[in-house]
1. How many of the residues making up region 79-94 are more than 21 Å from Arg176 (Cβ to Cβ) and either in contact with a Pro (Cβ under 6 Å, 6 or more places away or on another chain) or at pLDDT 95 or above (or both)?
2. Which of the residues that make up region 379-400 are modelled with pLDDT under 95 and in a loop (DSSP other than H, G, I, E, B)?
3. Determine which member of the set Thr6, Thr26 is touching a residue at least 12 places away in the same chain (Cβ under 8 Å), among the hydroxyl-bearing types (Ser, Thr, Tyr), closer than 19 Å to Lys117 by Cα and surrounded by fewer than 22 Cβ atoms within 10 Å (Cβ to Cβ).
4. So the check is Cβ under 6 Å with 6+ separation or different chains; which pairs have a first residue in region 197-212 that's under 20 Å from Ile225 (Cα atoms) and a second one that's at pLDDT below 90 and assigned to a helix (DSSP H, G or I)?
5. Where the second residue is in a loop (DSSP other than H, G, I, E, B) and the first is hydrophobic (A, V, I, L, M, F, W, C) and lies in region 135-150, which pairs have Cβ atoms under 7 Å and are six or more apart or on separate chains?
6. Considering every residue within region 41-64, establish whether at least one is in a helix (DSSP H, G or I) and at positive phi.
7. Can you tell which of Thr26, Thr124 is of a type in the set (Val, Ile, Thr) and more than 30 Å from Asp151 (Cβ to Cβ)?
8. Mind checking which residues of region 429-443 are in a loop (DSSP other than H, G, I, E, B) and among the β-branched types (Val, Ile, Thr)?
Amino acid sequence: MSYFVTGATGFIGRYLVSNLLKRKGTIHVLVRKGSEKKFEAVAEKMGWDRKRVVAVAGDLSQPKLGVSAAQQKALAGKITHFFHLAAIYDLGADADSQRIANIEGTKHAVELATAVKAGCFHHTSSIAAAGLYPGVFREDMFNEAEGLDKDPYFRTKHDSEGLVRKHCKIPFRIYRPAFVVGHSKTGEIDKIDGPYYLFTLIKKIRQTLPQWMPTLGVEGGRMNIVPVDFVADAMDYIAHKKGLDGGCFHLVDPDPLRIGQVMNVFCRAAHAPEMTMRLDARMLAVVPAPVRGAVLNLPPVKRFTSMMLKDLGIPRQILANINYPTRFDTREVERALKGSKLKVPELESYAWRLWDYWERHLDPDLFVDHSLRGKVENKVVLITGGSSGIGQAAAFKVAEAGAKTIIVARGEEELLKTRDQIIAAGGKCWAYTCDLTDMASCDELVKKVLHDHKHVDVLVNNAGRSIRRSIELSYDRFHDYERTMQLNYFGCLRLIMGFLPTMTHRRKGHIVNISSIGVLASSPRFSAYVASKAALDAFSRCAQAEFSGKNIAFTTINMPLVKTPMIAPTKMYDSVPTLTPDEAADLVVKAIIERPSRVATRTGIFAATLNALMPKAYEIIMNTAFEMFPDSAAARGDRKAMKSEAPTNEQIAFAAVMRGVHW
């Protein structure tokens with residue numbers, strides 16, 4: 001018994017060949033010129049017996065697969081089973097490429113199988129051949145397919161199967177696999193496709209929210225998923241069973257999950273929050289199609305959708321599968337597999353293996369340069385407040401990564417000391433003194449920096465002032481609000497407005513604003529500080545909308561409580577959880593590398609979400625905290641009490657639960 005296999009190095013093909021090797025006979029596999037190394041690599045990885053797996057030179061796009069006449073003569077009458085698996089399984093592939101591979105390739109495979117008088121032609125089709133049929137699609141149905149022109153993949157898979165049905169003169173069998181995912185025992189897969197496009201979204205949710213938080217999701221049609229080992233095993237078994245010629249077999253899950261359920265299965269596998277409330281996408285059906293089309297084609301909507309899909313790595317075509325309307329009858333395949341003990345395993349039983357393999361080998365983030373050096377080497381990075389605390393720690397990190405580091409502060413002695421330390425460590429550093437509360441001083445700084453360095457690639461607005469004092473103690477201290485606003489908002493804004501013109505001209509730049517978790521948590525006793533940081537946050541959101549098309553990013557870091565000289569007057573903070581300056585600087589590094597709109601802790605995001613959903617309940621929580629954490633001795637002006645001031649156990653426990661929030 002001998003075999004011929006096209007697509008042997010493909011994902012299904014490699015497992016099918018491994019199964020065929022358990023039987024007797026030689027396996028001839030089609031190998032395109034230029035793909036010999038790939039074939040050898042796959043053969044070695046899969047442990048194939050190279051004496052029994054023989055490469056045959058050819059090409060899908062050529063008549064009779066481009067196999068030479070001499071080779072055809074040598075194979076004539078010897079091929080018992082001809083398996084045609086070669087095709088493009090890619091939602092992002094263009095229509096012409098799919099036509100050549102899927103339709104022309106099938107035509108040429110049928111020609112070769114006929115020419116060598118193969119015993120049976122086994123065609124690997126797809127459930128896509130049914131198009132968007134609204135109902136149950138039986139294995140004996142074909143011409144009933146609907147919606148084939150909604151996607152070129154649907155059309156090419158349907159037409160290629162039709163070609164086999166109409167023109168194959170030798171016995172044939174057709175297999176329609178569902179969405180094929182990784183191996184149920186190892187999780188291995190060769191590329192991102194089908195449900196894997198959802199993994200980046202799940203990962204982002206996991207990074208943003210704690211696992212126990214319920215989230216809102218989408219419910220839609222059923223996503224039929226099968227592991228590759230089931231498909232290969234089923235094809236191998238059915239191919240060698242007598243009396244099944246002319247049959248079509250749905251290699252699908254007989255009880256598929258809806259897309260919302262699939263998302264939750266993978267959320268559990270990824271330890272991400274589950275989507276406990278799911279909105280049924282079919283509700284949109286009540287909106288007339290012309291209205292939906294008009295809205296979706298509005299320029300802002302199209303741009304937003306494109307940016308979102310690009311960020312998540314999701315091809316637009318997969319959106320058509322959200323309301324996938326087709327279910328697949330499996331009576332024929334169940335009869336064919338009777339006695340084999342083969343059945344589709346439950347997704348829940350192996351989803352964790354799929355996630356683990358994807359996260360270790362296929363996550364797109366693995367192939368992105370996440371090093372700080374890759375982002376800042378030989379770039380001009382300006383950091384205000386660079387002589388101490390967060391700014392100093394960040395300056396050391398970016399200088400070590402090869403940046404042309406500019407540090408700015410008001411105190412010259414500490415500033416120059418920091419500069420010298422950075423240079424001594426091998427970094428490039430320039431120091432400029434500036435009083436950021438003085439607009440003229442800010443303008444002079446911008447002028448000097450642009451004269452000396454021509455531009456700034458990354459501006460980190462880190463310098464700031466914090467005041468912890470209740471509003472009742474601030475009635476006669478209006479200047480507290482003025483001076484925090486002057487430094488935390490107007491000073492930062494002056495630098496942004498000064499450096500933006502060159503960034504706009506160069507069409508690249510990044511502005512990182514150090515804000516506070518207090519903006520998200522609305523921390524009491526920090527009204528002056530939080531208001532000034534909130535103003536900067538609001539400006540950044542507006543500016544981002546204006547400059548995103550010019551490749552200029554704005555990132556807001558809602559920094560949690562950091563142990564710096566700024567919080568030293570409040571002695572209670574000596575006993576509550578805080579970040580070190582070095583840990584805080586890591587958030588700055590994260591912002592520079594990833595260029596997100598916001599960097600925030602889960603606690604901060606949770607506080608903002610709770611405030612938005614249940615404002616009255618949140619008000620009670622914050623008022624309780626306000627009463628629990630009184631004004632410090634420093635805020636009251638009681639210097640004697642400062643020495644003996646210490647937090648209570650109740651305060652420490654509350655602060656530990658709400659880690660990083662200013663109280």
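1. Initial filter on region 79-94 (more than 21 Å from Arg176 (Cβ to Cβ)): 79-80, 92, 94.
When the remaining residues are screened for being either in contact with a Pro (Cβ under 6 Å, 6 or more places away or on another chain) or at pLDDT 95 or above (or both), the result is 79-80, 92.
Result for region 79-94: 3.
2. Gly385, Gly386, Ser387, Ser388
3. Unique residue meeting the criteria: Thr26.
4. Partner pairs satisfying both residue conditions: Tyr197/Ile318; Thr200/Leu312; Leu201/Leu312.
5. Val136/Asp329; Phe137/Asp329; Ala145/Tyr133
6. Yes - at least one qualifying residue is present in region 41-64.
7. Thr26
8. Matches in region 429-443: Thr437 only.
The values are calculated or read from the model by the stated rules, or taken from the named source; none is laboratory data. On a predicted model such as this, the values are computed, not experimentally measured, just so you know. Cβ coordinates were reconstructed from backbone atoms using ideal geometry, including for glycine residues, and neighbour counts include every protein chain displayed.
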